[in-house]
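Each value in this text was obtained by applying a stated rule to the coordinates, not by laboratory testing. These numbers were taken from a predicted model, which means no experiment stands behind them. Glycine gets a Cβ as well: all are built from the backbone with ideal geometry, and neighbour counts include every protein chain shown.
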Amino acid sequence: MGIPKITKQTELRDNLYKTLEDIATGGEPHLIPTKNGEVIIISRQAYDAILLEKEFLQEFQSPIKFEELIEASEVFKRIDKKFGFKK
């Protein structure tokens with residue numbers, strides 16, 4: 001998702017269908033400034049990607065429990081045991 005295209009409200013109103021179809025088919029997002037703030041219109045695909053990234057990043061918010069960490073050599077032993085890699 002790139003930098004949103006700034007679209008005035010009147011331009012959006014005049015070209016609403018075309019703008020929405022453009023965005024829905026992979027076009028760039030649009031930023032619409034209003035007197036009360038800004039609105040961004042993005043495709044469903046871009047929205048889903050943002051939610052997926054947010055969910056992924058939330059998994060890393062919990063603090064690291066250092067007592068649960070193990071040595072790399074132990075990790076490789078477990079991988080070897082589980083998958084039977086030969087050196």
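What ranking do Y47, Y17 get, fewest neighbouring Cβ atoms within 10 angstrom at the top?
Details: Y47 12, Y17 7.
In order of increasing Cβ crowding within 10 Å: Y17, Y47.
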For S43, the net charge from surrounding residues (Cβ-Cβ under 14 Å; K, R +1; D, E -1) works out to -2
Viscosity 1.567 mPa s, temperature 4 °C: what is the translational diffusion coefficient of region 1-40 from Stokes-Einstein with a Kirkwood Rh over Cα pairs, rounded to a whole number of µm²/s?
125
Which value in deg cm²/dmol, rounded to the nearest 500, describes the helix-derived mean residue ellipticity at 222 nm for the chain, given -39,500 (n - 2.57) per DSSP H run of n ≥ 4 and division by the residue count?
-14500 deg cm²/dmol
So who's got an amide H within less than 5 Å of the one on K5, skipping anything under 5 residues away but keeping other chains? H placed 1.01 Å off N, in plane.
H30, L31
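First select every other residue whose beta carbon is under 13 angstrom from the beta carbon of V75; then total the charges, Lys and Arg +1, Asp and Glu -1.
Numbers: positive: K77, R78, K81, K82; negative: E68, E71, E74, D80.
Here the charged neighbours net out to 0.
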Pick the calculated semi-axes √(5λ) of the Cα gyration tensor in Å for this structure from (i) 26, 12, 11; (ii) 49, 17, 8; (iii) 28, 13, 9?
(ii)
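Based on DSSP H assignment, which helices of the chain show an axial Cα extent of at least 18 Å together with a mean Kyte-Doolittle hydropathy greater than or equal to -1.0?
Details: long enough: 44-58 (21 Å, -0.33).
The answer, listed by residue number, is 44-58.
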